[in-house]
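Working notes for the structure below.
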Amino acid sequence: MNALTRELRMFSDAIEQKNPEKNTGAGDPWRLSYHVMPPVGWLNDPNGLCQLGGVYHLFFQYSPSNPCGALKYWGHYVSTDLISWEYTGIALYPDMPYDCHGVYSGSALVENDKAYLYYTGNVKLSGDYDYIYNGREGNTALAVMDKDGTISEKTLLLKNTDYPKHLSCHVRDPKVWKENGRYYMVLGARTLEDKGCVLVYDSDDKYSWTLENILEKEKPFGYMWECPDMFVLDGAHILGFSPQGVDQEGINYANIYQSGYCVLEGDFTGACELKTFFEYDRGFDFYAPQTFEDVSGRRILIGWMGMADCDYANPTVAHGWQHCMTVPRELRFKDGRIYQTPVQELEKLRQSGQTVNVKKALTIKVNPASELYMDFGKVTEICKEAGTDADVKPSCEAMKMVIDGSLILSYNSSEQSFTMAFEDDPNGGNIGYGRTSRKVSLERLKNMRILLDTSAIEVYLNDGLEVFSSRMYPQAGQTLSAHTVAFVDGRGELTVWKLEL
Ligand code: FRU
């Protein structure tokens with residue numbers, strides 16, 4: 001540990017200790033129940049996701065000193081069950097000449113009881129620079145963590161001068177994996193001509209890396225691709241990435257920055273093609289997701305439930321913190337698309353489930369941490385079989401539900417679209433804090449699973465084919481005792497659970 005590490009540790013420890021109430025949520029209605037959030041300050045991308053010696057590790061981009069973001073560290077949470085997470089402190093400090101302006105995003109490779117933590121060392125030179133084409137370093141570096149959590153000295157692996165000449169200074173976010181006995185790394189990049197792309201490197205020793213390929217879309221797709229991720233899912237090669245600079249097209253790419261995936265056909269180290277880009281999530285707050293494979297062979301994704309540079313707000317800033325993660329989601333690939341489901345472990349949080357057939361307007365109060373599952377197929381069957389309900393309509397002709405008077409989830413069958421929209425509550429207020437509406441095309445609505453937390457919502461449609469994630473801020477200034485859920489239209493079998501850690 002050098003003198004800078006010691007100082008940074010004292011500084012961040014003092015900030016975390018000065019804000020103990022942030023860990024208990026006293027006086028703050030929006031501290032989350034089962035979503036991971038920063039102890040204090042700012043959180044963005046999930047980093048270094050892995051399972052090592054039975055422990056799940058979730059590192060994250062962390063600025064303890066400022067809820068609006070500042071110098072980036074890797075904060076560290078651990079869990080044995082993917083549901084309850086323990087904060088263990090800061091794992092990586094910006095304490096080397098090659099990472100002194102931020103330990104940026106990266107990933108973990110687990111081998112022989114060690115996690116190899118690959119990350120980007122951000123450096124901004126002092127001077128009159130634009131920091132895109134000049135004045136910035138995006139160094140690729142490595143730190144090694146033992147099973148007991150001890151992290152060794154860092155090693156610098158690649159510098160900007162090692163990257164291809166046609167790239168800008170923006171090269172970052174290494175994701176490393178092993179396939180067929182070789183190590184591979186993808187890095188996100190921006191060319192000098194402002195085209196997003198992904199660099200593919202390989203290695204036989206984890207330390208020295210050779211450029212093998214550059215992946216691009218046939219037609220330019222944004223100016224920068226952040227946080228690339230490559231994995232095999234149910235036989236398909238997938239490239240996930242977070243492109244910046246993609247123009248909105250109708251209801252698609254509605255956020256300022258996107259996150260999604262393409263199926264990669266061919267050889268990723270040689271001739272290959274990136275097929276259609278699909279957005280992972282259609283809500284307001286989702287970016288820079290990362291996946292990993294756990295020992296049971298599941299491919300698990302965690303996304304940052306936040307968005308940079310957007311025009312909507314998070315009033316948690318006044319309480320000294322901002323942003324959270326999505327719950328871990330298991331991915332499956334079927335008929336050309338990725339399906340996302342909250343990991344099965346989350347079902348352990350379910351308490352006292354109640355099932356009702358919703359046939360007409362209905363308003364219920366649910367716990368601040370709740371899960372709702374609505375099956376739109378079943379009620380039609382039930383009614384038809386019993387022959388009791390003469391005017392039963394085809395399953396889910398229309399659906400509208402209003403949460404906390406202000407968040408509207410609706411399905412329009414003639415348009416074949418699902419919408420998440422924040423509107424002003426007739427009683428005053430808008431829990432969206434500037435969030436407006438987002439939409440997806442959906443041929444039919446079969447089922448809807450909602451994970452509600454004090455200030456976060458994840459909506460999974462049709463077994464996770466489409467997902468909407470958003471922050472929401474009901475009951476400013478008061479302790480949140482319940483969410484109000486009003487079914488205005490739509491029929492289905494509804495099950496509600498209180499969720500408890
Ligand atoms: C994505 C990102 C990454 C970068 C990190 C810095 O949100 O911009 O590209 O490594 O955040 O915090």
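Observations, loosely collected:
- On the principal axes of its alpha carbon atoms, the range 88-132 extends 45, 21, 15 Å, with the longest extent given first.
- Order of Asp281, Asp162 - criterion: other Cβ atoms within 10 Å of each residue's Cβ, fewest first: Asp162, Asp281
- Here the range 221-376 is treated as an ellipsoid with the same Cα gyration tensor; its semi-axes, largest first and in whole Å, are 30, 22, 16.
- Lysines with Cα under 17 Å of Lys400, excluding same-chain neighbours fewer than 8 positions away: Lys359, Lys360, Lys365, Lys439, Lys446
- Label positions at Asp267 and Asp194, each projected 7 Å from the Cα along the C-beta direction, are separated by 3.6 nm.
- For the range 92-200, GluC sites (Glu not before Pro) are listed when DSSP marks them as loop and at most 11 other Cβ atoms sit within 10 Å of their Cβ; the list is Glu153, Glu193.
- Each Lys or Arg adds one and each Asp or Glu subtracts one; over the other residues with Cβ under 13 Å from the Cβ of Leu465, this totals +2.
- For Lys165, a cut-off of 13 angstrom between C-alpha atoms picks up these aspartates and glutamates, skipping any fewer than 8 places away in its own chain: Glu193.
- Estimated translational D of the range 246-286 in µm²/s (Stokes, Kirkwood radius over Cα pairs; 37 °C; 0.692 mPa s): 282
- Evaluated over the Cα positions of the range 298-360, the convex hull gives a direction-averaged projected area, one quarter of its surface, of 8.9 nm².
- Bins of 10 Å from zero: percent of alpha-carbon pairs in the range 1-100: 15, 46, 32, 7, 0
- Translational diffusion of the chain, µm² s⁻¹ [Kirkwood Rh, Cα pairs; Stokes-Einstein; 20 °C; 1.002 mPa s]: 91
- In the calculated pair-distance distribution of the range 336-376, the portion above 17 angstrom amounts to 48 percent of the Cα-Cα pairs.
- In plain terms, the residue of Tyr257, Tyr473, Tyr207 with the fewest other Cβ atoms within 10 Å comes first and the most crowded comes last, giving Tyr207, Tyr257, Tyr473.
- Normalised by the number of residues in the chain, the average gap of Cα pairs under 8 Å and 6 or more apart makes the relative contact order 13 percent.
- FRET efficiency for the pair Val488 and Ala70, taken as 1/(1 + (r/R0)^6) with r the Cβ-Cβ distance and R0 = 45 Å, rounds to 0.55.
- Whether the range 233-323 is rounded, prolate or oblate, judged on the alpha carbon gyration tensor where a/c under 1.5 counts as rounded: oblate
We did not get these values from a lab; they are worked out from the coordinates using the rules stated. Bear in mind that the values here come from a model prediction, so they are computed numbers and not experimental data. As a convention, Cβ positions derive from the backbone with ideal geometry for all residues, glycine included, and neighbour counts pool all protein chains shown.
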